Amino acid sequence: MYKQIIRPLLFQFDPEKVHHAVVKLLKFGLRIPGSRWLISKATTIDNPALYRELFGLHFKNPVGIAAGFDKNASVYNELGSLGFSHVEIGTVTPKGQPGNPKPRLFRLAKDKGLINRMGFNNLGLEEAVKKLRNRNTNLIIGGNIGKNTATPNRKAVNDYVTNFIGLFPVVDYFVVNVSCPNISDLHELQDQDALMKILNAIQQINLAKPKPKPILLKVSPDLNEKQLDEVIAIVKETRIQGVVATNTSISRHTLHQDSKKAKTIGNGGLSGLPIRERSTEVIRYLATKSSKSFPIIGVGGIFTPEDAIEKIKAGADLVQVYTGFIYEGPMIAKKINRALLQNKL
């Protein structure tokens with residue numbers, strides 16, 4: 001029903017407006033008495049064989065929502081009712097900011113992709129903290145953190161530290177985002193020295209806590225092997241807990257039917273099916289070269305159970321969806337988890 005009726009209708013309208021409408025619909029619909037229980041029963045598989053324990057956290061299954069969908073921590077509880085074990089909120093910046101000029105979100109329907117140049121639009125740290133105080137404790141929440149666009153890179157570490165301190169009481173793990181292609185010069189923070197400065201500053205605060213929280217690094221699919229080797233070394237040296245692979249891509253070479261449309265759209269991060277293979281390659285490389293010495297959350301082009309299985313066999317411990325969720329609909333977590341059970345993964 002979703003792909004035959006609902007999706008074609010939604011795809012007639014501006015993608016960003018549709019996103020906001022869907023968020024409002026989720027929040028409104030699940031306020032109806034009994035609706036949350038009914039939807040959860042329809043979309044959730046609860047089986048001990050799906051349980052995962054990573055960096056001291058207990059995930060009820062391996063499937064979560066990637067950062068970007070719930071930027072302002074406004075709909076995570078509702079997403080938890082759709083069978084997901086975890087939701088990564090953000091990217092959160094210390095101060096609220098409007099992001100890049102609209103339009104900034106575009107569908108590549110023929111190639112099953114999206115291009116976005118949102119620019120870390122969010123309501124800011126204080127608003128996220130306020131909303132997370134009412135969280136569902138059965139759902140694991142990750143905090144994806146970044147810097148404000150106006151903050152120069154030489155002062156970026158201050159933004160990451162501010163976010164870390166502010167979100168620490170209300171999230172379960174952190175993801176440091178220096179790989180989004182939609183913030184001017186953010187890619188410079190992927191330089192080994194700059195990244196070490198940020199991660200070491202956060203870890204110093206983290207390790208001084210009675211109960212430190214897991215810190216992961218989100219990496220770009222556009223990194224070469226030398227840069228991926230540096231990622232492995234950085235994880236080891238800073239003692240962070242893992243990697244999220246991957247973010248969106250600036251490459252367009254995997255587009256086929258929508259390549260001309262993409263040229264018209266211009267700059268932005270490509271997500272969805274066109275980056276599936278590259279994302280899997282990055283996961284496989286990191287897992288193999290590191291001898292699987294740290295957990296990996298696999299993101300990028302997961303539409304079907306087979307896509308998720310591919311990521312897990314490549315070395316991912318958990319998987320996250322975003323573009324695939326938009327294209328495939330609210331049953332995606334259940335379909336993936338059912339396949340994982342059938343394949344004994």
Check: Does the stretch 92-100 include one or more residues that are over 17 Å from Y322 (Cβ atoms), free of Cβ contacts under 8 Å to residues at least 40 places away in the same chain and in a loop (DSSP other than H, G, I, E, B)?
Finding: yes
Check: Taking only pairs six or more apart or across chains, which ones have beta-carbon atoms under 6 Å, a first residue in the stretch 228-248 that is under 16 Å from Q192 (Cβ atoms) and touching a residue at least 12 places away in the same chain (Cβ under 8 Å), and a second residue that is assigned to a helix (DSSP H, G or I) and of a type in the set (F, W, Y)?
Finding: L228/Y285
Check: In the stretch 120-161, how many residues are buried (at least 19 other Cβ atoms within 10 Å of the Cβ), among the polar types (S, T, N, Q) and not in a loop (DSSP other than H, G, I, E, B)?
Finding: 2
Next item on the list: Go through (1) buried (at least 18 other Cβ atoms within 10 Å of the Cβ); (2) at pLDDT 95 or above and name the single condition L207 misses.
Entry: (1)
Note to self: Residues that are among the aromatic types (F, W, Y), farther than 30 Å from K102 by Cα and out of contact with any Cys (no Cβ under 6 Å at 6 or more places or on another chain): does the stretch 277-287 have at least one?
What the structure shows: yes
Notebook entry, point to check: With respect to V63, is the statement that it is modelled with pLDDT of 95 or more, under 21 Å from G166 (Cα atoms) and buried (at least 19 other Cβ atoms within 10 Å of the Cβ) true?
Noted result: no
Item checked: Candidate set: the stretch 241-275, residues that are charged (D, E, K, R) and either crowded, with 24+ Cβ neighbours inside 10 Å or assigned to a loop (DSSP other than H, G, I, E, B) (or both); chosen: the one nearest to the chain's Cα centre (by Cα) -> R252
Next item on the list: Select from the stretch 299-345 the residues that are small (G, A, S), touching a residue at least 60 places away in the same chain (Cβ under 8 Å) and either in contact with a Gly (Cβ under 6 Å, 6 or more places away or on another chain) or not in a helix (DSSP H, G or I) (or both) and list them in ascending order.
Entry: G300, A316, G329, A333
Checklist line | V23 β-branched (V, I, T), without any contact (Cβ under 8 Å) to a residue 40 or more places away in the chain, closer than 28 Å to V178 by Cα and surrounded by fewer than 21 Cβ atoms within 10 Å (Cβ to Cβ) | finding: no
Next item on the list: Being within 20 Å of K334 (Cα to Cα) and either touching a strand residue (DSSP E or B) at 6+ places or on another chain (Cβ under 9 Å) or assigned to a helix (DSSP H, G or I) (or both) is the filter here, so list the residues in the stretch 26-41 that pass it.
Entry: L26, G29, S35, R36, W37, L38, I39, S40, K41
Check: Quick one: in the stretch 82-119, which of the residues that are in contact with a helix residue (DSSP H, G or I) (Cβ under 8 Å, 6 or more places away or on another chain) and either under 13 Å from I145 (Cα atoms) or modelled with pLDDT under 95 (or both) is surrounded by the fewest Cβ atoms within 10 Å (Cβ to Cβ)?
Finding: K95
Notebook entry, point to check: Name the residues in the stretch 217-242 that are among the acidic types (D, E) and touching a strand residue (DSSP E or B) at 6+ places or on another chain (Cβ under 9 Å), would you?
Noted result: D222
Margin query: Among the residues in the stretch 255-262, are any within 21 Å of G143 (Cα to Cα) and in contact (Cβ under 8 Å) with a residue 40 or more places away in the chain?
Written below: no
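The values are calculated or read from the model by the stated rules, or taken from the named source; none is laboratory data. Remember, predicted model here, so these are calculated numbers, not experimental data. As a convention, Cβ positions derive from the backbone with ideal geometry for all residues, glycine included, and neighbour counts pool all protein chains shown.
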